[in-house]
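Here is the structure we will look at, set down as C-alpha coordinates.
The values are calculated or read from the model by the stated rules, or taken from the named source; none is laboratory data. Nothing here was measured: the structure is a model prediction, and the numbers come from that model. Neighbour counts run over all protein chains shown; Cβ positions are idealised from the backbone, glycine included. For the accessible areas, the whole protein counts, side chains as well, though only heavy atoms, and no ligand, DNA or RNA atoms are used. Shrake-Rupley method; radii C 1.70, N 1.55, O 1.52, S 1.80 Å.
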Amino acid sequence: MLNAAAAERNKEPILAALRDSVNTGRSLQALEISSGTGQHVTHFAQALRNIIWQPSEYDPQSLTSIEAYRAHYQLHNVRPAIHLDASLPYQYWGGIQPESLDLVVNINMIHISPMACTEGLFKGAGVVLKPQGLLFTYGPYAVNGQITPQSNIDFDFSLRQRNSEWGLRDISLLSYTAQKNGLFLEKMVDMPANNKCLLFRKESLV
(Lines give C-alpha, C1' and ligand atoms only; values in the text may rest on other atoms or scores of the structure.)
Protein backbone atom coordinates (compact mmCIF):
# COMPACT_ATOMS: atom_id res chain seq x y z
CA MET A 1 0.00 0.00 0.00
CA LEU A 2 1.89 3.03 -1.27
CA ASN A 3 1.14 6.32 0.47
CA ALA A 4 1.34 9.67 -1.31
CA ALA A 5 1.33 12.63 1.09
CA ALA A 6 -0.45 14.87 -1.44
CA ALA A 7 -3.24 12.30 -1.90
CA GLU A 8 -3.67 12.10 1.86
CA ARG A 9 -3.98 15.90 2.07
CA ASN A 10 -6.34 16.44 -0.86
CA LYS A 11 -8.63 13.39 -0.68
CA GLU A 12 -11.13 15.04 1.67
CA PRO A 13 -11.42 18.38 -0.22
CA ILE A 14 -11.83 16.47 -3.51
CA LEU A 15 -14.46 14.23 -1.94
CA ALA A 16 -16.39 17.33 -0.83
CA ALA A 17 -16.32 18.70 -4.40
CA LEU A 18 -17.40 15.32 -5.77
CA ARG A 19 -20.26 15.06 -3.29
CA ASP A 20 -21.52 18.47 -4.44
CA SER A 21 -21.35 17.37 -8.09
CA VAL A 22 -22.93 13.92 -8.27
CA ASN A 23 -26.31 12.41 -7.44
CA THR A 24 -25.91 10.49 -4.18
CA GLY A 25 -29.44 9.07 -4.31
CA ARG A 26 -29.10 6.53 -7.12
CA SER A 27 -26.64 3.88 -8.27
CA LEU A 28 -23.86 5.27 -10.48
CA GLN A 29 -20.95 3.84 -12.45
CA ALA A 30 -17.58 5.61 -12.24
CA LEU A 31 -14.13 5.17 -13.78
CA GLU A 32 -11.06 6.71 -12.19
CA ILE A 33 -8.30 7.18 -14.75
CA SER A 34 -4.79 7.29 -13.28
CA SER A 35 -5.76 6.09 -9.80
CA GLY A 36 -2.23 6.35 -8.44
CA THR A 37 -1.73 4.63 -5.10
CA GLY A 38 -5.42 3.80 -4.60
CA GLN A 39 -5.86 6.23 -1.69
CA HIS A 40 -8.42 8.35 -3.53
CA VAL A 41 -10.67 5.63 -4.90
CA THR A 42 -10.92 3.78 -1.58
CA HIS A 43 -11.64 7.04 0.27
CA PHE A 44 -14.35 8.03 -2.22
CA ALA A 45 -15.86 4.55 -2.25
CA GLN A 46 -16.23 4.48 1.53
CA ALA A 47 -18.08 7.80 1.49
CA LEU A 48 -20.10 7.41 -1.74
CA ARG A 49 -21.51 3.91 -1.43
CA ASN A 50 -23.98 4.46 -4.28
CA ILE A 51 -21.13 4.57 -6.80
CA ILE A 52 -19.48 1.46 -8.27
CA TRP A 53 -15.84 2.48 -8.83
CA GLN A 54 -13.49 1.18 -11.51
CA PRO A 55 -9.89 2.16 -10.70
CA SER A 56 -7.26 2.13 -13.45
CA GLU A 57 -3.55 2.83 -13.83
CA TYR A 58 -0.74 2.78 -16.37
CA ASP A 59 2.01 2.10 -13.82
CA PRO A 60 2.35 -1.56 -12.67
CA GLN A 61 3.58 -0.61 -9.18
CA SER A 62 0.50 1.58 -8.69
CA LEU A 63 -1.80 -1.24 -9.84
CA THR A 64 -0.31 -3.44 -7.11
CA SER A 65 -0.88 -0.69 -4.54
CA ILE A 66 -4.52 -0.19 -5.59
CA GLU A 67 -5.16 -3.91 -5.15
CA ALA A 68 -3.55 -3.79 -1.69
CA TYR A 69 -5.92 -0.96 -0.69
CA ARG A 70 -8.89 -2.91 -2.06
CA ALA A 71 -7.90 -5.97 -0.06
CA HIS A 72 -7.36 -3.91 3.09
CA TYR A 73 -10.70 -2.07 3.00
CA GLN A 74 -12.78 -4.96 1.57
CA LEU A 75 -14.95 -2.56 -0.43
CA HIS A 76 -17.70 -4.19 -2.47
CA ASN A 77 -18.14 -1.07 -4.62
CA VAL A 78 -14.55 -1.02 -5.95
CA ARG A 79 -13.78 -3.30 -8.88
CA PRO A 80 -10.34 -4.83 -9.48
CA ALA A 81 -7.99 -2.26 -11.01
CA ILE A 82 -7.39 -2.40 -14.76
CA HIS A 83 -4.35 -1.34 -16.79
CA LEU A 84 -5.26 1.76 -18.81
CA ASP A 85 -3.18 3.97 -21.08
CA ALA A 86 -5.14 7.22 -21.42
CA SER A 87 -3.39 8.08 -24.68
CA LEU A 88 -5.01 5.05 -26.38
CA PRO A 89 -8.57 4.92 -27.80
CA TYR A 90 -11.36 3.78 -25.47
CA GLN A 91 -11.39 0.36 -27.18
CA TYR A 92 -8.21 -0.35 -25.19
CA TRP A 93 -9.75 0.73 -21.87
CA GLY A 94 -10.38 -2.72 -20.43
CA GLY A 95 -13.68 -3.37 -22.19
CA ILE A 96 -15.54 -0.29 -20.92
CA GLN A 97 -18.53 0.23 -23.21
CA PRO A 98 -19.74 3.47 -24.86
CA GLU A 99 -22.23 5.46 -22.79
CA SER A 100 -21.91 3.11 -19.80
CA LEU A 101 -20.55 5.55 -17.19
CA ASP A 102 -22.03 8.37 -15.14
CA LEU A 103 -18.68 9.71 -13.96
CA VAL A 104 -15.02 9.77 -15.02
CA VAL A 105 -12.55 11.07 -12.42
CA ASN A 106 -8.98 12.14 -13.21
CA ILE A 107 -6.75 13.53 -10.46
CA ASN A 108 -3.27 14.99 -10.95
CA MET A 109 -2.55 13.36 -14.31
CA ILE A 110 -2.98 16.13 -16.87
CA HIS A 111 0.18 18.06 -15.89
CA ILE A 112 2.37 14.97 -15.34
CA SER A 113 1.80 13.24 -18.68
CA PRO A 114 2.17 14.02 -22.39
CA MET A 115 -0.61 16.02 -24.05
CA ALA A 116 -1.61 12.82 -25.89
CA CYS A 117 -2.89 11.48 -22.55
CA THR A 118 -5.06 14.56 -21.99
CA GLU A 119 -6.41 14.38 -25.53
CA GLY A 120 -7.11 10.67 -25.05
CA LEU A 121 -8.80 11.36 -21.72
CA PHE A 122 -11.30 13.79 -23.27
CA LYS A 123 -11.81 11.71 -26.39
CA GLY A 124 -12.44 8.53 -24.40
CA ALA A 125 -14.62 10.24 -21.79
CA GLY A 126 -16.71 11.71 -24.59
CA VAL A 127 -17.48 8.14 -25.69
CA VAL A 128 -17.81 6.16 -22.43
CA LEU A 129 -19.89 8.72 -20.53
CA LYS A 130 -23.67 8.61 -20.72
CA PRO A 131 -25.42 11.79 -21.97
CA GLN A 132 -25.22 14.32 -19.11
CA GLY A 133 -22.36 12.29 -17.59
CA LEU A 134 -19.54 14.12 -15.82
CA LEU A 135 -15.77 14.28 -16.36
CA PHE A 136 -14.24 15.53 -13.11
CA THR A 137 -10.57 16.62 -13.17
CA TYR A 138 -8.35 17.97 -10.41
CA GLY A 139 -4.94 19.61 -10.44
CA PRO A 140 -3.04 22.86 -11.05
CA TYR A 141 -3.84 24.72 -14.26
CA ALA A 142 -2.89 27.83 -16.20
CA VAL A 143 -5.71 30.37 -16.65
CA ASN A 144 -5.78 32.47 -19.84
CA GLY A 145 -2.09 31.93 -20.39
CA GLN A 146 -1.13 32.86 -16.83
CA ILE A 147 0.16 30.60 -14.06
CA THR A 148 -0.25 31.82 -10.49
CA PRO A 149 1.05 31.95 -7.80
CA GLN A 150 4.85 31.69 -7.91
CA SER A 151 4.78 28.19 -6.40
CA ASN A 152 2.81 26.94 -9.43
CA ILE A 153 5.21 28.73 -11.81
CA ASP A 154 8.10 26.94 -10.08
CA PHE A 155 6.23 23.64 -10.21
CA ASP A 156 5.54 24.03 -13.93
CA PHE A 157 9.24 24.78 -14.54
CA SER A 158 10.35 21.71 -12.55
CA LEU A 159 7.91 19.48 -14.47
CA ARG A 160 9.20 20.71 -17.83
CA GLN A 161 12.79 20.18 -16.68
CA ARG A 162 11.95 16.54 -15.85
CA ASN A 163 10.05 15.95 -19.10
CA SER A 164 9.53 18.46 -21.91
CA GLU A 165 6.07 16.95 -22.60
CA TRP A 166 4.85 17.70 -19.07
CA GLY A 167 3.57 20.98 -17.60
CA LEU A 168 0.49 22.86 -16.44
CA ARG A 169 -2.19 22.99 -19.16
CA ASP A 170 -4.32 26.05 -19.83
CA ILE A 171 -8.00 25.73 -18.93
CA SER A 172 -8.99 27.36 -22.25
CA LEU A 173 -7.06 24.63 -24.14
CA LEU A 174 -8.75 21.93 -22.04
CA SER A 175 -12.16 23.50 -22.64
CA TYR A 176 -11.52 23.57 -26.40
CA THR A 177 -10.33 19.93 -26.34
CA ALA A 178 -13.43 18.97 -24.34
CA GLN A 179 -15.81 20.71 -26.76
CA LYS A 180 -14.34 18.81 -29.71
CA ASN A 181 -15.47 15.65 -27.88
CA GLY A 182 -18.97 16.76 -26.85
CA LEU A 183 -17.98 17.86 -23.33
CA PHE A 184 -18.49 21.33 -21.93
CA LEU A 185 -16.85 23.07 -18.98
CA GLU A 186 -19.75 23.48 -16.60
CA LYS A 187 -18.00 24.56 -13.42
CA MET A 188 -14.62 25.44 -11.88
CA VAL A 189 -14.06 24.96 -8.17
CA ASP A 190 -11.11 26.59 -6.41
CA MET A 191 -9.33 24.08 -4.18
CA PRO A 192 -6.61 24.25 -1.50
CA ALA A 193 -2.93 24.58 -2.50
CA ASN A 194 -3.75 26.55 -5.68
CA ASN A 195 -5.48 23.66 -7.42
CA LYS A 196 -8.88 23.50 -9.13
CA CYS A 197 -11.56 20.98 -9.91
CA LEU A 198 -12.91 21.24 -13.45
CA LEU A 199 -16.33 19.73 -14.17
CA PHE A 200 -17.05 18.86 -17.80
CA ARG A 201 -20.58 17.75 -18.72
CA LYS A 202 -21.35 15.54 -21.71
CA GLU A 203 -23.91 17.27 -23.86
CA SER A 204 -27.18 15.41 -24.35
CA LEU A 205 -28.19 14.74 -27.95
CA VAL A 206 -31.76 15.82 -27.11
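Separation of the stretch 92-110 and the stretch 146-186, taken as the distance between their Cα centroids, equals 20 angstrom. Computed over protein heavy atoms with a 1.4 Å probe, the carbon and sulfur contribution to the accessible area of the chain reaches 52%. With the cut-off at 1.5 for a/c, could you classify the stretch 40-106 from its C-alpha gyration tensor as rounded, prolate or oblate? It comes out oblate by the Cα gyration axes. I need the shape label for the stretch 1-52. Rule: rounded when a/c is under 1.5, else prolate if a/b > b/c, else oblate, with a, b, c from the alpha carbon gyration tensor. Verdict is prolate for the stretch 1-52.
Listed by chain and number, the aspartates and glutamates whose alpha-carbon sits under 18 Å from that of Lys180, ignoring those within fewer than 8 places in the same chain, are Glu99, Glu119, Asp170, Glu203.
Under 5 Å between amide hydrogens, built in the peptide plane, is the criterion, and for Ile82 it picks out Ser56, Glu57 among residues at least 5 positions away or on other chains. Would you mind counting up the charge near Ile147? Only other residues with Cβ under 14 Å from its Cβ, with Lys and Arg at +1 and Asp and Glu at -1. Charge balance in the 14 Å sphere: 0. In percent, rounded to a whole number, the relative contact order of the stretch 128-206 is 44, using alpha-carbon pairs under 8 Å and six or more apart.
Surface exposure of the stretch 1-66, expressed per residue as accessible area with a 1.4 Å probe, stands at 42 Å². Amide H contacts under 5 Å for Ala142: Arg169, Asp170, Ile171, restricted to partners 5 or more places along the chain or on a different chain, H placed in the peptide plane at 1.01 Å from N.
Looking at the square roots a ≥ b ≥ c of the eigenvalues of the Cα gyration tensor of the stretch 90-181, which shape do they give, rounded for a/c under 1.5, prolate if a/b is larger than b/c, or oblate? In terms of gyration-tensor shape, prolate. Sorted from longest to shortest, the spans of the Cα atoms of the chain along the three principal axes equal 44, 42, 31 Å.
How high is the relative contact order of the chain? Use alpha-carbon pairs under 8 Å, at least six apart in sequence, and give a whole percent. Relative contact order for the chain comes out at 18 percent. Taken about its Cα centre, the chain carries a charge dipole of roughly 360 debye when the Cβ of each Lys and Arg holds +1 and the Cβ of each Asp and Glu holds -1. Considering only Gly145, Gly120, Gly133, the Gaussian network model of the chain with Cα springs below 10 Å gives its largest mean-square fluctuation to Gly145. Binning the C-alpha pair distances of the stretch 90-142 at 5 Å intervals from 0 yields a P(r) profile of 5, 20, 29, 24, 15, 6, 1 %, listed from the shortest bin outward. Charged neighbours of His43, selected by a Cβ distance under 15 Å, balance to +2 (K, R count +1; D, E count -1).
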